[in-house]
Amino acid sequence: MQVVRMENIIQQIHTDHRHIVKILSILRHELKLLENNSEEANFELISDSLDYLAHYPDEYHHPKEEVIFAYHLQRSDEMRDEIERLMNQHRNLHEATQRINEITTAILQGDVHLRETYINTLAGFIQQQTSHLENEEKAVLPMLEQRLNDQDWINIEQQMPTQADPLFSPWGGNVPQGFAALYDHIMEDSSPR
């Protein structure tokens, strides 16, 4: 039963990462449309995607990782620099999400002068998010899975914040209104053709 705790916690982190990758894929697609001056670029879909990233990952997912990282760092210096860099990136990602959200709002309100800045900022934001996920997935999480024992995972679980993903874990299809269009887009995109 104790091994199940570690698997559940780590599996949730990996699942969250896959969901974030889906959102980044949507943003990447919309970025390409913007770069090609396409009228099909959907700023509302971009805005919903950014709102999701500001809500669930910034407020719930990253704090879960922070619990795991802090717990490890209290016991070991293994990969300390990389883990501390990831923890700093959580704060930087939060600020970057807020910044790109502000520019998105300005564009939705008609400020077309920000288009080039927006494209560059969005591209940088996507790259920053992608790089962060890759660092966690390829190096830190596998190490933590190997180093933390059953009792560690029990202790971590007791400190872990709990919050269901509002977009990917809807109970009975009750997606919060702010994510309804994004949810519909994801469901339409994943339906069999």
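The values are calculated or read from the model by the stated rules, or taken from the named source; none is laboratory data. Quick caveat: nothing in here was measured; it's all calculated off a predicted structure. Ideal geometry is used to build each Cβ from the backbone, glycine not excepted, and the neighbour counts take in all protein chains shown. The area values use the complete protein model at the heavy-atom level, side chains included, leaving out ligands, DNA and RNA. Shrake-Rupley method; radii C 1.70, N 1.55, O 1.52, S 1.80 Å.
Observations, loosely collected:
- Extents of the chain, taken as max minus min of Cα coordinates on every principal axis and listed largest first, are 54, 39, 26 Å.
- Accessible-area order (highest first, 1.4 angstrom probe) of the listed residues Thr104, Thr130, Thr117: Thr117, Thr130, Thr104
- Here the dipole of the stretch 39-159 is about 280 debye; that uses its Cα centre as origin and unit charges on the Cβ of Lys and Arg (positive) and Asp and Glu (negative).
- Integer Hz, Karplus 6.51/-1.76/1.60 couplings in order for the stretch 104-114, x for Gly and Pro: 4, 4, 4, 5, 4, 8, x, 7, 6, 5, 8
- With Rh defined as the Kirkwood radius, the inverse of the mean 1/r over Cα pairs, the Rg/Rh of the stretch 15-72 is 1.14.
- Each stretch of four or more DSSP H residues adds -39500 (n - 2.57); spread over every residue of the chain, this sum gives -24500 deg cm²/dmol at 222 nm.
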